[in-house]
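Enquirer: Below is a structure I'd like to ask you about.
Please treat every number below as a calculation from the coordinates, not as lab data. Computed from a predicted structure; not experimentally measured. FYI the Cβ positions are ideal-geometry reconstructions off the backbone, even for glycines, and counts take in every protein chain you see.
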Amino acid sequence: MIHFDNVTKTYANQGRPALENVNLDIEKSEFVFLVGPSGSGKSTFLRLVLKEERPTSGRIHVIGRDLARLTNWKVPLLRRRIGCVFQDFRLLPNKNVYQNIAFALEVIGKPRRFIRKVVPEVIDLVGLEGKRDRMPDELSGGEQQRVAMARAFVNRPMILLADEPTGNIDPATSIGIMKVLDRINRTGTTVVMATHDAAIVDSMRKRVIELEYGKVVRDQSRGVYGQAY
Amino acid sequence: MRAQFVFHEVWIGLRRNLTMTVALIVVVAISLSLLGTGLLFVKQVDNTRSYWQSRVQLSVYLCTAASLGGTCAKDGAVTPAEISAIRNELLGTHDVTSVQFVSQAQAVQQFEQEFANDEPIVKYTDKDQIPSSFEIRLKNTEADAGAVTSVMDGAPGVSEVVDDASILDQFYKLLDGARNAVVSVAIFLLIAAILLVANTIRLSAFNRRRETSIMRLVGASNFYVQLPFLVEGMIAGLFGWLIATGLLIGVKSLLLSSLQSVFPYGVQLSTADLVEVIVIAMITGLIICGSTSFLTLRRYLRV
C-alpha cells in the first residue's frame with residue numbers, strides 16, 4: 001500500500017534532512033504506529049504520502065502509484081483514497097456535524113442521494129448517533145475528533161493517516177478514539193498513526209516504526225513505544 | 001447539484017467580503033463608464049467630421065451699411081455689380097465646386113429660425129446688420145480654403161471670409177481634449193480596478209482558507225477549489241458592467257444631447273454606436289476581471 005524506497009527529504013532552509021534514507025513497506029490492512037520525538041520526521045512522512053511535499057530523493061509508491069509520475073491534476077484523485085485526521089481536528093466551525101462530514105463528499109461532487117445515505121452510517125460508526133445537528137463548539141474534544149474521523153472515513157479510503165489524533169484529548173477519551181480507529185482498521189483500511197502517546201502504543205501492540213532524526217531506528221511487529229529514554 | 005454547491009459557496013464568500021465586493025463593483029462601474037464615455041466622444045468627433053466634410057466650407061460675407069471689415073467702412077454696402085463680380089470670380093476659381101448666394105432677406109430668415117428659442121437675441125439684433133453672403137463648397141478643404149481666402153480678402157464688397165473648418169477645428173480640439181482627459185482618468189481607474197480585483201480575491205482566499213485546505217486535503221479537484229473565487233470576481237465585474245451600461249446610456253442621452261445646444265454636432269450618435277461602446281466595455285471588463293482573478297488565484301491559492 002505504501003512503499004518508501006530510499007527516501008530522503010530535506011527542507012529548503014535546514015541543514016539536516018527531515019527524513020534520511022527511509023525504506024519502508026506498509027501492507028494493506030496493517031495498523032502502524034509511527035513514533036519518535038518531535039522533529040523526527042513523522043509529520044514529514046505523512047505529508048510525503050499525501051504528496052503535499054516531494055522527496056528530495058528516492059521513490060514513493062502509494063496504492064500502487066509512483067508519486068513522482070503522478071500528474072498534478074491526478075493528485076486530488078489520489079487524496080480521495082486517503083483519509084486524514086489531525087491533532088487540531090480541523091472542522092469547519094460554521095457547519096454542524098452532518099454538514100462537516102457531508103462537506104467532504106460535496107466537494108468531490110457526490111450526489112445528494114449518496115450523501116444522505118452514507119453520512120448517517122458513518123456518524124453511527126464513530127458513535128455520535130443523535131448528535132448530527134450539533135455545532136463543533138458544542139462538542140467535546142473527543143467528539144470533535146470523532147467527527148473528523150467520520151469525515152476522513154466517509155469515502156471509504158484505502159489508507160487513513162492520523163497525525164497525533166489524541167494529542168489534544170485526555171487519556172480516558174483517547175481510548176474511545178482508538179477503538180474507533182481499530183474498528184476502521186478492521187474494515188480493511190490501512191491505518192498509519194503518528195503519535196507521542198506511549199500508553200496507547202503499549203496497549204494496542206501493533207507494528208511500531210520508530211524514527212529518530214529522520215532515520216528509521218526500529219521496526220517492530222508487536223511493538224511498544226520505546227526503550228531508552 | 002454541483003452547481004448548487006458552487007453557488008452556495010460563492011454566496012457565502014460574497015457575503016463575507018461584502019464591503020470589498022461593493023468597492024470592486026463601484027470601481028469597475030466607474031472605470032468602464034469613463035472608458036465608454038471616452039469612446040463615445042471619439043465616435044462623436046468622427047461622425048461630426050464626416051458630416052461636416054461634405055457641407056458648407058467657406059462663407060464670404062458681404063458688406064452691409066454698418067459693416068466695418070475689409071473695404072466696407074470706406075465703400076459702404078455691397079453693390080449688385082460687386083456681387084456679380086465676386087460671383088464670377090468665385091465660379092472661375094478652379095477648386096470651387098459650388099457657389100450659392102444668400103441674400104440679406106434669406107440670411108435674416110435663417111437667423112430667426114436658428115435662434116427661434118432665444119427671443120432677446122432676435123428682438124435686439126438690427127436686421128440690417130445681418131449680411132448677405134456667398135456659401136462656397138470646395139473640392140479639397142484645407143488646401144483650397146487658403147487660396148480662396150487670399151483672393152477674396154480685401155476684394156471690394158467683401159466684409160469677411162470665414163472658414164468653417166477653422167471654427168470646427170477649435171471644436172474638435174475641445175472634444176479631443178475632453179476625450180483625452182476622460183480616457184486618462186479611465187486608465188487610472190482601470191488600474192485601480194485590477195488592483196482591487198486582485199486584493200478582493202486575495203482577501204476572499206484568506207477568509208476561506210480553512211474550507212480551502214480541507215477541500216484540498218479531501219481531494220477536491222483544483223478547478224473546484226478555484227471556481228467559487230473566479231465566479232465571485234466575475235459576478236462583481238458583471239454588476240459593475242451593468243451599472244456602467246446604465247451610466248453610459250445616461251451619458252449619451254443627457255450629456256451629449258445637452259452639449260448639442262452649445263456645439264452644433266450636426267449628427268447624433270446612433271443607438272448602434274452606443275451598443276458597440278457597451279459591448280467593448282463588457283469585453284474589457286471581462287478580460288480584466290477574468291485574467292486578474294485567474295492570475296491572483298494562481299499566486300495566492302496553493303493548488
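Enquirer: Rounded to two decimals, what ratio of Rg to Rh does chain A give with C-alpha atoms and a Kirkwood Rh?
Expert: With Rg and the Kirkwood Rh in hand, the quotient comes to 0.97.
Enquirer: On to the next question. If I build a Gaussian network model for chain B, linking alpha-carbon pairs within less than 10 angstrom, which residue out of B:155, B:116, B:220 has the largest mean-square fluctuation?
Expert: Sorting by GNM fluctuation, first place goes to B:116.
Enquirer: To the nearest 20 Debye, how big is the dipole of chain A about its Cα centre, given +1 on the beta carbon of each Lys and Arg and -1 on that of each Asp and Glu?
Expert: Value, rounded to 20: 1020 debye.
Enquirer: Moving to a separate point now. What is chain B's relative contact order, in percent, from Cα pairs under 8 angstrom and six or more apart in sequence?
Expert: Reported as a whole number, the value is 34 percent.
Enquirer: Same structure, new question: What percentages, rounded to whole numbers, describe P(r) for the protein assembly as shown computed over all alpha carbon pairs with 10 Å bin width beginning at zero?
Expert: 3, 14, 16, 14, 10, 8, 7, 6, 6, 6, 5, 2, 0, 0
Enquirer: While we're here: Once you measure Cβ to Cβ distances between cysteines in the protein assembly as shown, which Cys have no partner under 4.7 Å?
Expert: Here A:84, B:289 come out as lacking a disulfide-compatible partner, given the Cβ-Cβ threshold of under 4.7 Å.
Enquirer: Still on this model: Assign unit charges at the C-beta atoms only (+1 for Lys and Arg, -1 for Asp and Glu), then state the dipole size of chain B relative to its Cα centre in Debye, rounded to the nearest 20.
Expert: Roughly 2940 debye, rounded to the nearest 20.
Enquirer: Take the range A:1-86, drop everything but the C-alpha atoms, weight them equally and run the Debye formula without solvent; then report log10 I(q)/I(0) at 0.12 Å⁻¹ to two decimals.
Expert: After summing over all Cα pairs, the log10 values are -0.35.
Enquirer: If you don't mind, there's one more thing I want to ask. Considering the dipole of the protein assembly as shown built from charges on the beta carbon (Lys and Arg +1, Asp and Glu -1) around the Cα centre, which of B:62, B:81, B:227 is farthest to its positive end?
Expert: Result: B:227.
Enquirer: Suppose we keep just the DSSP beta bridges with both residues in the protein assembly as shown; what percent of those would be antiparallel, to 5?
Expert: 65 percent
Enquirer: Given the range B:110-263, report the % of alpha carbon pairs whose separation exceeds 24 Å.
Expert: Taking all Cα-Cα pairs of the range B:110-263, the fraction more than 24 Å apart is 67 percent.
Enquirer: Now, a different point. Net charge around residue A:190, counting only other residues with Cβ within less than 9 Å of its Cβ (Lys, Arg = +1; Asp, Glu = -1)?
Expert: -1
Enquirer: Counting other C-beta atoms within 10 Å, and keeping those with at most 11, which DSSP coil GluC sites (Glu not before Pro) do you find in the range A:127-210?
Expert: Counting only loop positions with at most 11 other Cβ atoms within 10 Å, the GluC sites (Glu not before Pro) in the range A:127-210 are A:129.
Enquirer: Same structure, new question: Hey, with R₀ at 25 Å, roughly what FRET efficiency would residue B:223 and residue B:7 work out to, going by the Cβ-Cβ distance, to 0.05?
Expert: After rounding, the FRET efficiency stands at 0.95.
Enquirer: With the contact rule set at Cα under 8 Å and sequence spacing of 6 or more, what percent relative contact order holds for the range A:92-156?
Expert: 49 percent
Enquirer: For chain B, find the longest principal axis of its Cα atoms and tell me its angle to the long axis of helix B:209-218, 0 to 90°, nearest 10.
Expert: Relative to chain B, helix B:209-218 is tipped by roughly 60 degrees.
Enquirer: For residue B:270 and residue B:125, what is the calculated FRET efficiency with R₀ set at 51 Å and r taken between the beta-carbons, to the nearest 0.05?
Expert: After rounding to 0.05, the efficiency reads 0.90.
Enquirer: Next question, about the same structure. Taking a ≥ b ≥ c as the square roots of the Cα gyration tensor eigenvalues, with a/c under 1.5 meaning rounded and otherwise prolate when a/b beats b/c, else oblate, which class fits the range A:39-171?
Expert: The shape class here is oblate.
Enquirer: Follow-up. Compute the long axis of helix B:271-300 from its Cα atoms, compare it with the longest principal axis of the Cα atoms of chain B, and write down the angle in degrees, 0 to 90, nearest 10.
Expert: Relative to chain B, helix B:271-300 is tipped by roughly 30 degrees.
Enquirer: Residue farthest toward the positive end of the dipole of the protein assembly as shown, with Cβ of Lys/Arg at +1 and Asp/Glu at -1: which of A:36, B:131, B:99?
Expert: A:36
Enquirer: Label points 7 Å out from Cα along the Cβ direction at residue B:74 and residue A:16: separation in nm?
Expert: Spacing of the two 7 Å Cα→Cβ label points: 11.1 nm.
Enquirer: Suppose every Lys and Arg Cβ carries +1 and every Asp and Glu Cβ carries -1, with no other charges. What dipole size does the protein assembly as shown come out with about its Cα centre, to the nearest 20 debye?
Expert: In total the dipole reaches around 4560 debye.
Enquirer: Separate question: Could you compute the FRET efficiency for residue A:70 and residue B:234, with r as their C-beta to C-beta distance and R0 at 35 Å, rounded to 0.05?
Expert: 0.65
Enquirer: Any chance you could list the semi-axes, whole Å, largest first, of the equivalent ellipsoid that the Cα gyration tensor gives for the range A:92-156, using √(5λ)?
Expert: 18, 12, 10
Enquirer: Report the Cα centroid-to-centroid distance between the range A:37-112 and the range A:191-210 in angstrom, as an integer.
Expert: The two parts, judged by their Cα centres, are 21 Å apart.
Enquirer: Sticking with this one: Relative to 2.2 N^0.38 Å, what does the C-alpha radius of gyration of chain B come to as a ratio? Two decimals please.
Expert: Chain B yields a ratio of 1.58.
Enquirer: Can you list, bin by bin at 5 Å, the percent of alpha carbon pairs in the range B:54-164, starting at 0?
Expert: Bin by bin from 0 Å, the calculated values are 2, 13, 22, 23, 18, 13, 7, 2, 0.
Enquirer: Also: Kindly provide the pair-distance distribution of the range B:17-97 built from C-alpha pairs, with 10 Å bins from 0 and whole-percent values in order of increasing distance.
Expert: 14, 21, 17, 14, 12, 10, 8, 4, 0
Enquirer: Still on this structure, I have one more. Return a whole-number percent for the relative contact order of the range B:54-164, with Cα pairs under 8 Å and 6 or more residues apart as the contact set.
Expert: Relative contact order comes out at 51 percent.
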